[in-house]
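The next block holds one structure in the form of structure tokens; read it before the comments.
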Amino acid sequence: MPKPLRLGVLLSGGGRTLENLLAEIDGGRLANLAEVALVIASRPGIRGIEVGRNAGVPVHLVRRKEFENVGAYSQAMVKILDEAEVDLVCLAGFLSYWILPDRYLGRVMNIHPALLPSFGGTGMYGHHVHEAVLARGGKVSGCTVHFVNNEYDAGPIILQRAVPAFAEDTPDTLAARVFREECIAYPEAIRLFAEGRLRIDRQVVHVEDPNYQP
Ligand code: GAR
């Protein structure tokens, strides 16, 4: 059996995405396929730090404001990821911009709580996304797992899952419906990566799995 993929999970908040990945590793879609090698948190006092520590995962706190510029901050992030021999970086509600060196392109994923390229970009995270969808009277929403490049929410899309959006929804009810799909989409994308089934051709990700059903 090949070695499990070493994941580096980057987070800034509640840690539910990390919790889900840990559960999927512990007997779910990612069993024997992945392990969480480390967590990097962008701010202190967040629940995500506790989720990582309780699972026995090394947690690093790396604060942007401790660095003079984004270049120095990014170098520090990459050093930690390199030292932990991380194979795949998973952004899990991570809100701090860092610059990927070329050798990390195709090795960093993000999950966004809308159907990109709609409702993405600067300032579009968490509840802001769901508020924006409802403010435009959106009839569907969903989640997108994509590879990260150095432009916000603009990397090649790996997979998406859609949900209906209703006029009676609040940002919270829509967020809950979308999050249920996030809990399927992210581990599914990581599984495909771990099995070597994702091929990136410029902005298009091809899933090379005859049994894969989006
Ligand atoms: C998730 O819903 C994720 O899709 C979203 O933040 C939440 C993190 O929750 N990410 C973004 O909005 C990225 N633009 P968590 O901290 O409880 O895992």
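Residues that are within 16 Å of the ligand (Cβ to nearest atom), part of a strand (DSSP E or B) and of a type in the set (A, V, I, L, M) within region 74-122 comprise Val89, Leu91, Val108, Met109, Ile111, listed in sequence order. Pro214 falls short on exactly one of the conditions (1) on the phi < 0 side of the Ramachandran plot; (2) modelled with pLDDT of 95 or more, and that condition is (2).
Annotation note: Cβ proximity below 9 Å between a residue of region 121-135 that is closer than 15 Å to Phe94 by Cβ and without any contact (Cβ under 8 Å) to a residue 12 or more places away in the chain and a residue that is near the ligand (Cβ under 9 Å from one of its atoms) and in a helix (DSSP H, G or I) (sequence gap 6+ or interchain) occurs for no pair. Scanning region 29-68 for residues that are in a helix (DSSP H, G or I) and more than 18 Å from the chain's Cα centre (by Cα) yields Glu50, Arg53, Asn54, Arg64, Lys65, Glu66. For first residues located in region 27-50 and in contact (Cβ under 8 Å) with a residue 40 or more places away in the chain, partners that are surrounded by fewer than 19 Cβ atoms within 10 Å (Cβ to Cβ) and assigned to a strand (DSSP E or B) and lie 6+ apart or on another chain with Cβ distances below 7 Å form the pairs Ala37/Arg6; Leu38/His60; Ile40/His60. With respect to Gly71, determine if the residue is over 13 Å from Cys90 (Cβ atoms) and in a loop (DSSP other than H, G, I, E, B). No.
Restricting attention to region 123-133, the residues being away from the ligand (no atom under 11 Å from the Cβ) and buried (at least 19 other Cβ atoms within 10 Å of the Cβ) number 1. Taking the conditions (1) under 18 Å from the mean Cα position of the chain (by Cα); (2) among the charged types (D, E, K, R); (3) more than 20 Å from Ala189 (Cβ to Cβ) in turn, Arg16 satisfies each one other than (3).
The values are calculated or read from the model by the stated rules, or taken from the named source; none is laboratory data. As the structure is a computational prediction, the values presented were derived from the model and not from experiment. Cβ: placed from backbone, ideal geometry, glycine included. Neighbour counts: every protein chain shown.
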